[in-house]
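I have placed the structure first, in the form of structure tokens, so that the comments after it can refer back to it.
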Amino acid sequence: MLHYQSIFNRIQSKFSDFESCLTSATILLANTYALSGNKSFTSHIRMKISQSGMKKVAGCSWTVVNGNVFKFRAHDRSHTFSTDIYAELDRLKNELL
């Protein structure tokens with residue numbers, strides 16, 4: 001773990017605004033270590049994220065339907081027809097299962 005921690009600390013020291021520019025990269029790094037089975041360093045990185053107050057900015061997706069552009073996020077319910085959209089998704093899910 002000390003080897004990984006020294007690499008992490010060297011990367012961190014290169015960026016003056018670590019929290020804003022590397023939040024997503026840091027989360028990706030933690031997930032990569034988790035997939036590799038390194039739970040100890042994963043926990044260490046996630047603890048640093050939590051202690052620093054870092055927050056990941058939610059990503060957006062766009063789609064075009066009948067010439068209209070719709071922007072949305074995961075679990076977004078802001079669309080006028082979100083109730084209908086989620087009902088159709090549930091119907092399709094049940095049909096596929």
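Annotations for the structure displayed:
- Cβ-based exposure ranking for Asp90, Asp76, in which fewest neighbours within 10 Å come first: Asp90, Asp76
- Each of His44, His79, His3 has some number of other Cβ atoms within 10 Å of its Cβ, and from fewest to most they run His3, His79, His44.
- Three-way shape call for the stretch 55-97 based on the alpha-carbon gyration tensor, with the a/c threshold at 1.5: oblate
Here, each number is a calculation from the coordinates, and none is a lab measurement. Keep in mind it's a predicted model, so treat the numbers as computed, not measured. Using ideal geometry, Cβ is built from the backbone for each residue, glycine included, and neighbour counts are taken over all protein chains shown.
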